[in-house]
Every structure is written in C-alpha cells, then in structure tokens.
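Chemist: Got a structure here, written out as structure tokens. Questions coming.
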Amino acid sequence: MDRRPVVLVLNGPNLNMLGVRQPEIYGRETLGDIEVACKERAIELDLAVDFRQSNYEGELIEWIHEARDNADGIVINPAGLTHTSVALRDALILSELPVVEVHLSNIHAREKFRHHSYVSPVARAVICGLGGFGYICALEAMSRLIAAQEA
Ligand code: DQA
C-alpha cells in the first residue's frame, strides 16, 4: 500500500499554454516540464504528487472538494482566478488542508490588479517570482507542513 502523503498540485486557467504564453514574463518552461520536475522532487521528499490543470473554475473547485478526502495538502497556482474568485477561496477553506499558493511571476511587481489575491489570506504560504522553481519550493514547504501535522 502507498502511504506517501498526497499533494494535489493545481493549475488554473491558461497555464496549459506555458512555454508559448508571454515567455518574457513566464519563461520558456512548459507545464509538462514543471510537472516532471515536481514529480522528481516528490520522489526525494517521499510525497505523491497529483498534478492537474484546468481552464474551468468549477472543475478546479470540484477537485478541491475531492481533495478533502484524497489529499494531504494543496499547492495551487490559481492563475487569473487568484484576483477574482471568492468561490475558489471558499473551496480551499472547506478543504481544511494546508495550502501553498504559487505564482511563476512576481505578481507584486506587475499591474495593480494582480497585487490582490483572494487566496493568500487562506494559504499557509505564498511563493511568487521564482518561475517553475517556486513549485519545488512549495513542495518542500508542504512536506514540512504535513510532517508537522503528523508529529
Ligand atoms: C500567475 C499570475 C497571474 O496574475 C496570472 O493571471 C497568471 C499566472 C503566475 O503564475 O505568475 O495566469 O498566476
């Protein structure tokens, strides 16, 4: 039986276009590259990573509902929904799981409308501006958060 803690890594709208989407901001790394890097690091951290992307708010919310029973933590790059979605925030609260919010770009160095996040107040940590490496940092943080809960 696989007893590794499960981390749901969720990616919001347009992140499937990484690699071609505004590379001057988001870099050339694809979401597939980030998924591979996350899974490699997860092996070293003894975590299982469930890596997903959707362009649909409702689908992301349903995955978060399922995570209540199926996951031990959530790493999320909510993408544009960061700045708009009360519903996504509500879902993260009801999951009762530790949440780490990730952004590839430094949202605070960009347009004003990106400075506010509905997710940050309900996240245990926020990582932004490190590109794909931010996901790796988030997994390391999650590994510690889950271990601390289990201790
Ligand atoms: C993003 C930042 C958001 O403002 C933007 O809408 C995205 C990506 C990031 O990873 O830097 O889609 O979450």
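Chemist: A123: net charge of surrounding residues, Cβ under 12 Å, Lys/Arg +1, Asp/Glu -1, itself excluded?
Modeler: +1
Chemist: Restricting to DSSP H runs of at least four residues, report the calculated mean residue ellipticity at 222 nm for the chain, -39500 (n - 2.57) per run over all residues, nearest 500 deg cm²/dmol.
Modeler: Rounded to the nearest 500, the figure is -12500 deg cm²/dmol.
Chemist: Let me ask another. Kindly identify the stretch 64-151 as rounded, prolate or oblate by the Cα gyration tensor criterion: order the square roots of the eigenvalues as a ≥ b ≥ c, call it rounded if a/c is under 1.5, otherwise compare a/b with b/c, prolate if a/b is larger, else oblate.
Modeler: It is oblate, given that a/c is not under 1.5 and a/b is not larger than b/c.
Chemist: Using R₀ = 25 Å, calculate the FRET efficiency as 1/(1 + (r/R₀)^6) where r is the Cβ-Cβ separation of R68 and E140; round to 0.05.
Modeler: Once the sixth-power term is evaluated, E becomes 0.60.
Chemist: Report the relative contact order of the chain, percent, no decimals, based on alpha-carbon pairs under 8 angstrom and at least 6 residues apart.
Modeler: 27 percent
Chemist: Further question on the same structure: Net charge near A79: determine it from the other residues with C-beta under 12 Å of the C-beta of A79, scoring Lys and Arg +1 and Asp and Glu -1.
Modeler: That works out to 0.
Chemist: Next up: How many Å² of accessible area per residue for the stretch 93-141, probe 1.4 Å?
Modeler: 47 Å²
Chemist: Take the Cβ-Cβ distance between I43 and H83 as r, set R0 to 22 Å, and report the resulting FRET efficiency rounded to the nearest 0.05.
Modeler: 0.05
Chemist: A further question on this structure: Taking the Cα centre of the chain as origin, sum charge times position over the Cβ atoms of Lys and Arg (+1) and Asp and Glu (-1), and report the length of that vector in debye to the nearest 20.
Modeler: 480 debye
Chemist: A further question on this structure: If you take the charge dipole of the stretch 74-118 about its Cα centre, with +1 on Lys and Arg Cβ and -1 on Asp and Glu Cβ, which of H115, P98, N77 is farthest toward its positive end?
Modeler: Value: H115.
Chemist: What does the charge count around R52 come to, taking other residues whose C-beta lies under 10 Å from its C-beta (Lys +1, Arg +1, Asp -1, Glu -1)?
Modeler: Charge balance near R52 sits at -3.
Chemist: Next question. How large, in percent, is the carbon and sulfur part of the accessible surface of the stretch 63-136 at a probe radius of 1.4 Å?
Modeler: The value for the stretch 63-136 is 52 percent carbon and sulfur by accessible area.
Chemist: Hey, another quick one. Name the shape class, rounded, prolate or oblate, that the alpha-carbon gyration tensor gives for the stretch 1-124, where a ≥ b ≥ c are the square roots of its eigenvalues, rounded holds for a/c under 1.5, and otherwise prolate holds if a/b is larger than b/c and oblate otherwise.
Modeler: Oblate.
The values are calculated or read from the model by the stated rules, or taken from the named source; none is laboratory data. Just so it is clear, the model here is predicted, and its values are computed rather than measured. Backbone-built Cβ (ideal geometry, glycine too); neighbour counts: all protein chains shown. What goes into the accessible areas is simple: the full protein's heavy atoms, side chains included, and nothing from ligands, DNA or RNA. Shrake-Rupley method; radii C 1.70, N 1.55, O 1.52, S 1.80 Å.
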